[in-house]
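Trainee: Quick one: this structure, given as structure tokens, is what I'll be asking you about.
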Amino acid sequence: GEVREDPVDAAVARTSERLAALRSDASYHAVLRSLTEQALAQLAASESGHDPQLQADPRDKALLQKILTELQLNVPVSYELNNWGGLIATSRDGRVVVINTLEARLEQATAYLRPHLASYFETETMPVVE
């Protein structure tokens with residue numbers, strides 16, 4: 001059990017490091033745009049999804065404004081988050097909140113991937129029996 005967890009923990013830690021540095025990568029524009037579109041779509045699917053409000057990190061202000069212009073959206077944004085990237089979309093009445101930050105996405109994925117990674121690493125480290 002413990003031996004099997006070490007590579008899994010290392011993989012998750014490495015992924016965390018890469019996501020924390022993603023803002024400086026050229027692909028971040030596409031990532032932030034996708035996270036924005038997904039959050040707004042999830043919010044729109046709810047009954048309270050009209051007139052969304054966004055929260056983002058101030059380091060994403062110029063990029064998010066560009067994305068909202070590209071999407072032809074005029075959505076109020078407060079820049080008070082401190083995160084790796086992504087955003088939070090909230091319905092005007094505050095009843096629906098979509099947390100679409102890189103940290104939240106990693107947390108969701110880790111719960112699903114942890115057993116699969118453990119199985120993978122176990123298979124990779126098993127001795128070959130002839």
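Trainee: What single numbered condition from (1) modelled with pLDDT under 90; (2) open to solvent by 50 Å² or more (accessible area, probe 1.4 Å); (3) outside any helix (DSSP H, G or I) fails to hold for Glu5?
Mentor: Glu5 satisfies every listed condition except (3).
Trainee: Within segment 48-68, is there a residue that is among the small types (Gly, Ala, Ser), at pLDDT below 95 and touching a strand residue (DSSP E or B) at 6+ places or on another chain (Cβ under 8 Å)? First the steps, then the outcome.
Mentor: Of the residues in segment 48-68, the ones among the small types (Gly, Ala, Ser) are 48-49, 56, 62.
From what's left, at pLDDT below 95: 48-49.
Remaining after also requiring touching a strand residue (DSSP E or B) at 6+ places or on another chain (Cβ under 8 Å): none.
No; the residues of segment 48-68 include none that is among the small types (Gly, Ala, Ser), at pLDDT below 95 and touching a strand residue (DSSP E or B) at 6+ places or on another chain (Cβ under 8 Å).
Trainee: Right, next: Does Leu19 satisfy the criteria of being touching a residue at least 12 places away in the same chain (Cβ under 8 Å), open to solvent by less than 50 Å² (accessible area, probe 1.4 Å), in contact with an Asp or Glu (Cβ under 7 Å, 6 or more places away or on another chain) and under 16 Å from Ala104 (Cα atoms)?
Mentor: Values: touching a residue at least 12 places away in the same chain (Cβ under 8 Å): yes; open to solvent by less than 50 Å² (accessible area, probe 1.4 Å): yes; in contact with an Asp or Glu (Cβ under 7 Å, 6 or more places away or on another chain): no; under 16 Å from Ala104 (Cα atoms): yes.
Judged against the criteria, Leu19 is not a match.
Trainee: Scan segment 74-93 for residues that are surrounded by 13 or more Cβ atoms within 10 Å (Cβ to Cβ) and of a type outside the set (Lys, Arg) and report the count.
Mentor: Initial filter on segment 74-93 (surrounded by 13 or more Cβ atoms within 10 Å (Cβ to Cβ)): 75, 77, 79, 81, 83-92.
Then keep just the ones that are of a type outside the set (Lys, Arg); that gives 75, 77, 79, 81, 83-91.
Counting residues in segment 74-93 that are surrounded by 13 or more Cβ atoms within 10 Å (Cβ to Cβ) and of a type outside the set (Lys, Arg) gives 13.
The values are calculated or read from the model by the stated rules, or taken from the named source; none is laboratory data. Note that the coordinates shown come from a computational prediction; the quantities given were computed from them, not determined experimentally. Methodologically, a virtual Cβ is constructed for each residue, glycine included, from the backbone with ideal geometry; neighbour enumeration extends over all protein chains shown. Just the protein is used for accessible areas: all its heavy atoms, side chains included, with ligands, DNA and RNA removed. Shrake-Rupley method; radii C 1.70, N 1.55, O 1.52, S 1.80 Å.
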